[in-house]
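> Mind looking over this structure? Questions follow.
The values are calculated or read from the model by the stated rules, or taken from the named source; none is laboratory data. What you are looking at is a predicted structure, and each value in this text was computed from that prediction instead of being measured. A quick note on method: Cβ atoms are made from the backbone with ideal geometry, for glycine too, and the neighbour counts reach across all protein chains shown. Side chains included, ligands, DNA and RNA excluded: accessible areas come from the protein's heavy atoms. Shrake-Rupley method; radii C 1.70, N 1.55, O 1.52, S 1.80 Å.
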Amino acid sequence: MGDFSAVALFRHALSGHRQWPAQWRSPDPKQSYDVVIVGGGGHGLATAYYLAKEHGPLRIAVLEKGWIGSGNTGRNTTIIRSNYLWEASAGIYDHALTLWRDLSSELNYNVMFSPRGVMMLAHSLHDEQVFKRHIHANRLAGVDNEWLTPQQAKDFCPVLDIDPDRRYPVIGAAFQRRGGVARHDAVAWGYARAADRLGVDIIQNCEVTAIDRGSDGAVRGLETSRGRIEGGRIGVVAAGNTSVIMEMAGVRMPIETYPLQALVSEPVKPIFPCVVMSNTVHAYISQSDKGELVIGASTDQYVSYSQTGGLHVTSHALEAVNEMFPMFRRLRMLRTWGGRVDVTVDRSPIIGKTPVPGLFVNCGWGTGGFKATPGSGHVFAATIANDEPHPLAAPFSLERFRTGEFIDEAAAAAVSH
């Protein structure tokens, strides 16, 4: 076991190494495992944790080509909600939201989950009709969601400008009180520590270069930058790289990869009490525990593996935020970034088995991946362990792209973050 004390973590941070201390890594990856998870982000580590906790004893390894949390997990905007339109989506996201509630206690690590509420603004009659449809659908599915008048929205978020003469007048809002935010990299570290305690080998700087299949077509192991690793079952959970890895096994995925942009401001005193989103202008904003305003934009309109994106996307988001919250106009922005998101045609994930025996995939979350982290890992672990889809994962199978049974959140999920 590694030294998890605060002093050790602080010294490690000062050393400038953005990876786990050496004693937290498996010293020899050239061995055989029952399950190998490709991808050391939130979803991959959550999968490994639930495999070890609920489906063991198993020999489990997590392979990460960089360091833990170096991908999308460290580049998201931390929003958590479950008020999606379609029943399948609401089911898995609400399962995740339920797990978020006690996750810090579960992992014995503060993931800074804060159920401060998620408010989705309506700026037109069309917005109002869409959100009220969401509210009714959510209530039928047992998911909380409610309608706020403009004044009720301002009462909850005083800095919101509800002047009817504004460019984007607020005529109401859908509001999920259980929604909120969490600390993005803390989720990865929390799951990694908990998985390590259960005996999972976490191998960093280990890039997958090939997937080996036997004469029967089933997976037998992987070739990596640190040598060969035998694995009876392989789960690919590598946001932004899924199609590349799956191609190694001869599986073509129905996904495209886009840059998704966001940025944060200089820190200020607590002033923003919730998460506010607008699908009309495609911008959203919250305040982190460090005081930064976390501002998100949309995906770029072109496929790319870039982690920067186009300036016009963030510029449009900032213009919209300044319109709705004029008091933020003088704030300086500290940094901007772009994550790589895998997107399916129906903007819903793919979770489950593939045509290759022993190969499983969890991808295509688009902009909704962070909020699903615990639920995604939980159902994917059960799917791998039982070699059949968990009931909440079953609607998201790869087969739906053959049958046409899409879960079309493309137009239904608003900003979808």
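> Mind jotting down the distance between the C-alpha centroids of the stretch 203-222 and the stretch 361-413, whole Å?
Distance between centres, Cα-based: 23 Å.
> Might you tell me the accessible area per residue for the chain, computed with a 1.4 Å probe and given in Å²? Please report the intermediate quantities before stating the final value.
Working: 17340 Å² over 417 residues.
Heavy-atom SASA per residue in the chain reads 42 Å².
> Dipole magnitude of the stretch 185-308 about its Cα centre, charges +1 at Lys/Arg Cβ and -1 at Asp/Glu Cβ only, in debye to the nearest 20?
On the way: 10 positive and 14 negative charges, 46 e Å.
Approximately 220 debye in magnitude.
> Using the structure shown, list the pairs from K269/K371; K65/K290; K53/K371; K132/K269 with a Cα-Cα distance above 23 Å, or answer none. Could you put the intermediate results ahead of the total?
Working: K269/K371 26 Å; K65/K290 29 Å; K53/K371 21 Å; K132/K269 34 Å.
Distance filter (> 23 Å) returns K269/K371; K65/K290; K132/K269.
> Ignoring any ligand, DNA or RNA, what whole percent of the accessible area of the chain comes from carbon and sulfur when the probe is 1.4 angstrom?
Values: 8910 of 17340 Å².
About 51 percent, which is the carbon plus sulfur part of the accessible surface.
> Along each of the three principal axes of the Cα atoms of the stretch 226-337, give the extent in whole Å, ordering the values from largest to smallest.
56, 29, 22
> Here's a follow-up. Going by average Cβ density within 10 Å per residue, which order do the peptides 356-364, 121-129 take, highest to lowest?
Output ranking for 356-364, 121-129: 356-364, 121-129.
> Given the protein chains as shown and a 1.4 Å probe, how many square angstrom of R178 are accessible, to the nearest 10?
Around 80 Å² of this residue is reachable by solvent.
> Determine the sum of side-chain charges near G368: Lys and Arg each +1, Asp and Glu each -1, restricted to other residues whose C-beta is under 14 angstrom from that of G368. If you can, show how the numbers build up before the last one.
Details: positive: R81, R347, K371; negative: D94, D342, D346, D408, E409.
Computed value for this residue: -2.
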